[in-house]
Amino acid sequence: MKSKLILCALAGTALLALAANDPVLMKINGKEIKLSEFQYLYNKNNQQQVQEETLDQYVDRFVTYKLKVADAEASKIDTLPSFQKEFNGYKTDLVKPFLVDESVQERLVNEAYERMKYNVDVDHIMMPLGKDKIENDEIQARLDSIKNCVKNGEDFYELAKKFSIDPSIRNNNGHYGFIAAGVFPYVWEYAAFNTPVGEISAPIRTDFGNHLIRVNGKREDPGQVEVEHILRVFPRGANDSLKAITKAEIDSIYTALMNGADFEELAKAKSQDPGSAKNGGKLPFFGINRMVKPFEEVAFRLQDGEMSAPFETNYGYHIVKKLAHKGVPTLEEARKGIEAQMTRDERANAPRDAKLEEVMKFYNYKENPKFGDYLEKELAKNGRYDSTFVASVLKNSTFPMCTFAKDQVIPASELAKVVNPKAKMNNESAKGYIMSYIKSIAKKQVMDYYVNNLINDNVEYRNLINEYRDGMLLFEISNQKVWEGASKDTLGLRQFFEANRQNYKWDQPHFKGIILSAKNDSIMQRVKADILTLGADTLTTTLHNKYKRDIKMERMNFAQGENNTVDRVVFNDNDPAKVDANYPVGMILQGGLIDQPQEVADVKGQVTSDYQDLLEKNWVQELKRKYPVEINKKVLKKIKK
């Protein structure tokens with residue numbers, strides 16, 4: 001089966017400048033092919049071959065490959081909307097690794113995994129988010145004052161009860177106990193796991209509020225447990241009387257279990273946890289901080305195979321049976337989950353931001369030091385910042401605010417597309433406001449420039465894109481000229497078969513015809529009676545319409561030993577293993593034994609394959625006559641060395 005694309009493995013994504021000594025190795029139909037492209041595919045080919053090809057052998061195959069691509073280009077396949085749509089889809093995916101710094105991605109994955117190996121015992125104070133930076137700075141200053149109060153001897157928990165807005169303060173006084181990685185927001189978790197034991201973190205801010213974290217201790221992570229449980233619920237806010245009724249129910253179940261009742265069967269019948277009851281009470285493996293504390297503590301305390309006595313949580317009364325436990329997963333086991341979590345927090349953009357900084361440095365990005373003075377003067381001329389200033393001054397300004405690459409200039413007019421013309425502020429604030437947009441505009445334009453020029457500036461990406469593009473063209477032109485061309489050319493196939501009959505011989509006779517099978521003898525006898533009254537032209541159609549699924553008619557072309565039905569019906573093989581239980585009775589409806597193929601259909605697969613080989617051979621000969629090939633032997637010798 002032909003592969004639509006030549007797949008490749010990425011070796012890396014570092015920014016590579018185009019090699020100055022990348023000479024033209026060959027020209028095919030006037031199109032230059034650089035040494036780097038050939039060497040890339042040649043080395044990759046040798047890695048994939050069981051037996052390594054010589055350079056000369058590969059050159060011949062490479063030239064044939066490029067001749068076919070040239071034919072596809074001459075046929076304008078690369079201009080078809082369907083081709084362009086598919087190719088652009090591949091380009092979108094192929095460029096992604098070149099837009100991130102993979103070393104940053106790997107560092108963050110490893111950092112997260114190291115945190116998974118242990119837990120930290122933490123205390124927490126939370127204050128609200130401010131409406132702006134000024135208010136948030138004030139709140140963080142208050143948290144810093146609280147931190148100093150604790151250092152001076154005041155009780156952390158009393159301060160937490162007084163100032164923290166964390167809803168859990170009612171139950172824990174600010175003490176979270178041991179926490180695991182991967183549960184809390186990244187910034188919060190990072191502070192908790194990187195603050196030394198006995199210390200208090202600097203104030204931090206998340207999307208939920210401003211925080212202060214104290215670390216009391218550290219331990220190895222206990223891993224994960226697998227349990228099954230039975231739950232009997234009581235209403236939220238239930239009084240002692242209602243709880244007593246539920247307690248009696250769970251005690252009755254516990255007594256039955258102690259007397260030998262099956263845990264899973266009782267869970268299915270009695271548990272009121274809708275998620276797990278249908279599975280016999282079984283829950284997936286879980287680590288700490290995934291369940292309510294009483295449930296977690298019991299689950300981790302039990303030995304494998306041990307069952308707990310009934311105990312209470314906020315949801316009701318439980319009985320837990322521990323099935324198994326396991327340690328912290330390996331990095332490879334944890335990687336998928338870590339990477340998924342990274343896409344949902346502050347780490348999502350870190351690899352791309354690192355690549356962007358690398359790209360901006362590569363292109364020598366510089367902001368114009370005179371731009372601030374220019375803005376001051378223009379604002380003073382206009383009198384104030386308003387919609388007139390944005391529409392008349394900024395929008396038409398060609399004053400350069402930054403430059404990159406050799407000749408790329410970003411003018412001040414780009415700012416008019418992003419600033420708010422209705423904002424109210426004095427000229428000094430307006431200057432800072434306008435200039436705050438420069439970096440974001442520059443980042444987008446520099447990255448767009450990088451992507452658009454990547455095929456010229458990055459040898460690795462260029463070779464990768466060319467490989468996919470040429471692979472797609474090769475598939476489409478080969479499909480037209482050879483694969484689909486052969487299967488659709490019924491006249492050509494027939495003529496090829498007639499001219500080469502001597503190549504298609506059978507070692508033993510084949511049954512060619514239709515075998516009818518029935519569900520039982522009674523049905524078969526009725527079918528045979530009908531056959532005597534039916535003409536050949538309407539035989540199969542009439543039988544199908546009358547008997548439907550009570551019979552099965554199969555067109556066959558098999559030798560003895562190739563098909564169970566043929567063996568049983570034609571060659572009288574009584575092996576019980578060859579009987580179709582649904583259609584055990586069979587007869588020959590049409591046809592009989594033939595010694596050799598009579599027509600193309602009898603050996604179509606083999607004939608089609610041979611005919612494709614002939615079309616391929618003739619096509620390649622035509623390509624060599626049609627398109628000129630020039631090979632620079634001096635450049636080729638560089639590879640031999």
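Observations on the model:
- Condition met for residue 549 (closer than 22 Å to residue 530 by Cα and in a helix (DSSP H, G or I)): yes
- Flag for residue 355 being assigned to a helix (DSSP H, G or I), basic (Lys, Arg) and surrounded by fewer than 14 Cβ atoms within 10 Å (Cβ to Cβ): no
- Residue, farthest from residue 71 (Cα to Cα), within segment 613-641, restricted to residues that are β-branched (Val, Ile, Thr) and part of a helix (DSSP H, G or I): 639
- Leading residue by the ranking (surrounded by the fewest Cβ atoms within 10 Å (Cβ to Cβ)) among those in segment 298-349 that are part of a strand (DSSP E or B) and touching a Lys or Arg at 6+ places or on another chain (Cβ under 6 Å): 307
- Considered as a group, the residues in segment 607-641 that are within 29 Å of residue 503 (Cα to Cα) and of a type in the set (Ser, Thr, Tyr) include one that is surrounded by the fewest Cβ atoms within 10 Å (Cβ to Cβ), and that residue is 609.
- Segment 102-118 - residue that is charged (D, E, K, R) and within 18 Å of the chain's Cα centre (by Cα) and, of those, surrounded by the fewest Cβ atoms within 10 Å (Cβ to Cβ): 106
- Exclusive hit being of a type outside the set (Asp, Glu) and in contact with a helix residue (DSSP H, G or I) (Cβ under 6 Å, 6 or more places away or on another chain), set 280, 305, 287: 280
- Unique match (being in contact with a strand residue (DSSP E or B) (Cβ under 8 Å, 6 or more places away or on another chain) and either assigned by TED's automatic domain parsing to the domain that holds residue 527 or acidic (Asp, Glu) (or both)) among 573, 567, 610, 580: 580
- Of the helices (runs of 4 or more DSSP H) lying entirely inside segment 186-290, those carrying at least 1 residues that are touching a residue at least 60 places away in the same chain (Cβ under 8 Å) and either among the basic types (Lys, Arg) or more than 30 Å from residue 342 (Cα to Cα) (or both) are 240-258.
- Selection within segment 227-279: residues that are among the small types (Gly, Ala, Ser) and crowded, with 16+ Cβ neighbours inside 10 Å. The member of this set that is nearest to residue 306 (Cα to Cα) is 267.
- Residues located in segment 93-141, provided they are farther than 29 Å from residue 460 by Cα and in a loop (DSSP other than H, G, I, E, B): 117, 128, 129, 130, 131, 132
- Lone qualifier among 91, 68, 31, 117 - being at pLDDT 90 or above, in contact with a strand residue (DSSP E or B) (Cβ under 9 Å, 6 or more places away or on another chain) and basic (Lys, Arg): 117
The values are calculated or read from the model by the stated rules, or taken from the named source; none is laboratory data. Owing to the predicted nature of the structure, the values given are computational and were not obtained by experimental measurement. Here the Cβ is made from the backbone with ideal geometry for all residues, glycine too, and neighbour counts use every protein chain on show.
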